[in-house]
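Peer 1: Pasting a structure below so you can have a look.
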Protein chains: 2
Amino acid sequence: MPNKKDDVYGDHISEKFNDELTELKTQFLNMGGLVESQVEHAIQALVDNDGQLAEQTRLNDKIVDKMERDLDEEAILVIARRQPTARDLRLVISVIKMVADLERMGDEAKKIAKMAIKLSEEGQAPRGYIEIRHIGNHVMSMIHDALDAFARLDSEQALRIMKEDKQVDEEYQAAARALLTFMMEDTRNISRCMMVMWVLRALERIGDHACNIAEHVIFMAKGEDVRHSPMEETEKVVGR
Amino acid sequence: MPNKKDDVYGDHISEKFNDELTELKTQFLNMGGLVESQVEHAIQALVDNDGQLAEQTRLNDKIVDKMERDLDEEAILVIARRQPTARDLRLVISVIKMVADLERMGDEAKKIAKMAIKLSEEGQAPRGYIEIRHIGNHVMSMIHDALDAFARLDSEQALRIMKEDKQVDEEYQAAARALLTFMMEDTRNISRCMMVMWVLRALERIGDHACNIAEHVIFMAKGEDVRHSPMEETEKVVGR
């Protein structure tokens, strides 16, 4: 008998299938950990004007891509071996979908790293780093919490992440408006401000992907697809 | 015996499984057709300053979202019913992944429609419509070709789409540079130019998703995962 506390995927799944899901889960969390540090390093490289760290981050995206391919393949083999029921299949398909979100977060981190390389070559230190740091910290904690919510199948934590995503969107809108004003004040700021704008946008997208993972966690924990549902309905699903 | 010409998924798949895949394919193409017209309408609404069409496009995104959920569910039921081999599973999983790409194209169309609503309320006609029209037409033909390549499992057409995506990226870069210059010339242009910039970015993302579909088509036709591969390697895979 598996330890009840570790058996986060519920009783409806056969023990062997559960073991294989646990293995997938570990692989997913490893990939998530790498993506989390990729985002951290990309922001750090930008803020510290560290071209070398930026280059390393850019290169490491290849590892993220490889992990995506490996996880997809492993998930397919689990399905082929275990031939799970429709209900259990949905869990594995959720993992496959969340892997795509992680890969895209990695892509956004790579974009930020490329921007950092460009800026370090030009020796520029644009305005807007405070916003990048602030929103960056926010989305980093969202990634961390999304992985944690997944590890513990904690739908309440997942719901909190979905609410935080709305905050990040507002923070992003406010920062974009401030940058726009700054650009209007002096046209010499425009080109550098645009860079910051793209970085903020990339961070906002990373938040969206963390939110997607949270939606899948709720689906895995509660069996309800809350994608595109209004927040009140999602709250009801989680409260059940 | 199914007609050989219609049996695009190859001999390795059982007839019943093939029938179900064909049904999935039809659903996918329907969803693709809707997304294609969503992108078209969003651009048209923006260029013609047509707030009503923009609003309709925004609302229709809910249908796209529903189609995604239905297709995911149908794909899961096909797997549960047929319990396909790992090889056949990869085809179904590809469909599930491509559905996510279609849904995200729909999201980008919705974003463009929202921008069109905002602009029509403000009565503004910003610069950059030529670029939006041009890049818009380009990505619309990419969506069309991607769906066609999928319908016929034509890996050569898929390869052409991947090459066109590189062109769209260049067109986007050029348009963004031109807008930046225009913003610098007169700060009164900035706010409106930013809108156009976001629309162009959304179009560029739509092109990326068409490219993702093309990659999956090559995978389905050739059995090789060309995601993140250099173009030369992809060419070799298609040429085989």
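The values are calculated or read from the model by the stated rules, or taken from the named source; none is laboratory data. The structure displayed is predicted, hence computed values, not measured ones. Here Cβ is always computed from backbone atoms with ideal geometry, including for glycine, and neighbour counts include all displayed protein chains. Side chains included, ligands, DNA and RNA excluded: accessible areas come from the protein's heavy atoms. Shrake-Rupley method; radii C 1.70, N 1.55, O 1.52, S 1.80 Å.
Peer 1: In chain A, what percent of the accessible surface is made up of carbon and sulfur (1.4 Å probe, ligands and nucleic acids excluded)?
Peer 2: Working: 4940 of 10510 Å².
Taking all protein chains in place, chain A shows 47 percent carbon and sulfur surface.
Peer 1: Then there's this: Need one number: buried accessible surface between chains A and B, 1.4 Å probe, both sides summed, DNA, RNA and ligands left out, in Å² to 100.
Peer 2: Buried area (both sides, nearest 100 Å²): 3700 Å².
Peer 1: Send over a whole-number figure in Å² for the accessible area per residue of segment A:12-239, probe 1.4 Å.
Peer 2: For segment A:12-239, the per-residue accessible area is 41 Å².
Peer 1: Okay, moving on. Would you mind working out the magnitude of the charge dipole of chain B relative to its Cα centre, with +1 at each Lys and Arg C-beta and -1 at each Asp and Glu C-beta, to the nearest 20 Debye?
Peer 2: 260
Peer 1: List the trypsin sites (Lys or Arg not before Pro) in segment B:128-183 that DSSP assigns to loop (not H, G, I, E or B) and whose Cβ has at most 13 other Cβ atoms within 10 Å. Which are they?
Peer 2: Values: sites: B:133, B:152, B:160, B:163, B:166, B:177; in loops: none.
Answer in residue order: no site qualifies.
Peer 1: Bin all alpha-carbon pair distances of segment B:70-135 at 5 Å intervals from 0 and give each bin's fraction as a whole percent.
Peer 2: Going out from 0 Å in 5 Å bins, segment B:70-135 shows 4, 14, 15, 15, 11, 8, 8, 9, 8, 6, 3, 0 percent.
Peer 1: Sticking with this one: Of B:114/B:236; A:114/B:118; A:118/B:114; A:222/B:97; A:222/B:16; A:114/A:236, which ones are farther than 30 Å apart at the Cα?
Peer 2: Numbers: B:114/B:236 42 Å; A:114/B:118 32 Å; A:118/B:114 32 Å; A:222/B:97 23 Å; A:222/B:16 33 Å; A:114/A:236 42 Å.
Violating the 30 Å limit, Cα to Cα: B:114/B:236; A:114/B:118; A:118/B:114; A:222/B:16; A:114/A:236.
Peer 1: Also, I was wondering about something else. Is it possible to state the helix-based mean residue ellipticity at 222 nm for chain B, with each DSSP H run of 4+ residues giving -39500 (n - 2.57), the sum divided by total residues, to the nearest 500 deg cm²/dmol? What is it? Kindly include the intermediate steps, with their values, before the conclusion.
Peer 2: Values: 7 runs with 199 residues, N = 240.
When only DSSP H runs of four or more count, the value is -30000 deg cm²/dmol.
Peer 1: Any chance you could give the angle, 0 to 90 degrees and rounded to 10, that helix B:190-222 forms with the longest Cα principal axis of chain B?
Peer 2: Value to nearest ten degrees: 10.
Peer 1: Then there is this: First check a/c for segment B:148-240, with a ≥ b ≥ c the square roots of the eigenvalues of its C-alpha gyration tensor; if it is under 1.5, answer rounded, and if not, answer prolate when a/b is larger than b/c or oblate otherwise.
Peer 2: Numbers: a/c = 4.22, a/b = 2.96, b/c = 1.42.
Since a/c reaches 1.5 and a/b is larger than b/c, the shape of segment B:148-240 is classed as prolate.
Peer 1: Relative to the first principal axis of the alpha-carbon coordinates of chain B, what is the inclination of helix B:155-185, with its axis defined by its Cα atoms, in degrees from 0 to 90 and to the nearest 10?
Peer 2: 10
Peer 1: Still on this model: Can you tell me the dipole magnitude for the protein assembly as shown around its Cα centre, using point charges on the Cβ only (Lys, Arg +1; Asp, Glu -1), in Debye to the nearest 20?
Peer 2: Computed about the Cα centre, the dipole is about 220 debye.
Peer 1: Give the accessible area for residue B:143 in Å² (nearest 10); use a 1.4 Å probe, count only protein heavy atoms, and leave out ligands, DNA and RNA.
Peer 2: Its heavy atoms expose roughly 0 Å² to the probe.
Peer 1: A drop of at least 20 square angstrom in accessible area, chain alone versus all protein chains together, probe 1.4 Å. Which residues of segment B:83-124 meet that?
Peer 2: B:83, B:86, B:89, B:90, B:93, B:96, B:97, B:104, B:111
Peer 1: Here's a follow-up. List, shortest first and in nm to one decimal, how far the label point of residue A:167 (7 Å from Cα along Cα→Cβ) is from its counterparts in the other copies.
Peer 2: Once sorted, the set of distances for residue A:167 reads 4.7 nm.
Peer 1: Moving on to the next point. Run the dipole for segment B:88-158 about the Cα centre, Lys and Arg Cβ at +1, Asp and Glu Cβ at -1, nothing else charged, and hand back the magnitude in debye, nearest 20.
Peer 2: 260
Peer 1: Restricting everything to alpha-carbon atoms, can you work out Rg to Rh for the protein assembly as shown with a Kirkwood hydrodynamic radius?
Peer 2: Numbers: Rg = 22.5 Å, Rh = 23.4 Å.
Across the protein assembly as shown, the Cα-based Rg/Rh ratio is 0.96.
Peer 1: How far is residue A:137 from itself in the other copies, in nm, if each label sits 7 Å out from Cα along the Cα-Cβ line, shortest first?
Peer 2: Ordered by distance, the counterparts are at 5.0 nm.
Peer 1: Among the residues of chain A, which one places its Cβ closest to the rotation axis that maps chain A onto chain B, and what is that distance in whole Å?
Peer 2: A:83, 2
Peer 1: Just want the answer: with Cβ charges of +1 for Lys and Arg and -1 for Asp and Glu, which residue in A:197, A:57, A:134 is farthest toward the dipole's positive end in segment A:12-239?
Peer 2: So the residue furthest toward the plus end is A:197.
Peer 1: Then there's this: Please identify, among A:88, A:19, A:208, the residue showing maximal mean-square fluctuation in a Gaussian network model of chain A using a 10 angstrom Cα cutoff.
Peer 2: A:19
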